[in-house]
Amino acid sequence: MLLLDNQHRLLESVELFKGTIDSANVYPREVVKLALAKNAAAVILAHNHPSGVAEPSASDKLITQALVDALALVDIRVLDHFVVARHEWVSFADRGWM
């Protein structure tokens, strides 16, 4: 996660969760807690797909919406969520999902 200030300048980048070959547990509470602790005004999310296919899954879309909703409660914007694979990436914002 990239933590950004009000002018979208980088405050810090952090790795929050580690998963297995096919899943990772993401806890919105922990994301909100860290963003508040760093006084972030906005964030950019990213995660990898070890499969090599960057197409977001239904789970990716659900957790993204849960994070957007949780962070919105404390006035922190999610600017984008990138899914990265070997030679490709997908931007939720580019797809019109943000």
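Things worth noting here:
- Condition met for Ile76 (farther than 21 Å from Asn25 by Cα and crowded, with 17+ Cβ neighbours inside 10 Å): yes
- Checking each residue in segment 44-67 for being over 12 Å from Phe92 (Cα atoms), under 11 Å from the mean Cα position of the chain (by Cα) and among the β-branched types (Val, Ile, Thr) picks out only Ile63.
- Of all positions in segment 22-29, at least one carries a residue that is touching a residue at least 24 places away in the same chain (Cβ under 8 Å) and either within 17 Å of Leu4 (Cα to Cα) or surrounded by 14 or more Cβ atoms within 10 Å (Cβ to Cβ) (or both).
- Summed over segment 34-61, residues that are surrounded by 12 or more Cβ atoms within 10 Å (Cβ to Cβ) and either without any contact (Cβ under 8 Å) to a residue 24 or more places away in the chain or among the β-branched types (Val, Ile, Thr) (or both) total 5.
- Filter result (over 12 Å from the mean Cα position of the chain (by Cα) and under 15 Å from Ala35 (Cα atoms)) within segment 77-98: none
Results for (1) at pLDDT below 95; (2) of a type in the set (A, V, I, L, M, F, W, C), shown as yes or no for each residue.
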site	(1), (2)
Asp22	yes, no
Val31	no, yes
Gln65	no, no
Val84	no, yes
Val90	no, yes
Arg95	no, no
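- On inspection, Leu11 does not qualify as touching a helix residue (DSSP H, G or I) at 6+ places or on another chain (Cβ under 7 Å) and surrounded by 12 or more Cβ atoms within 10 Å (Cβ to Cβ).
The values are calculated or read from the model by the stated rules, or taken from the named source; none is laboratory data. This structure is a prediction, so every number in the text was calculated from the model and none was measured. Using ideal geometry, Cβ is built from the backbone for each residue, glycine included, and neighbour counts are taken over all protein chains shown.
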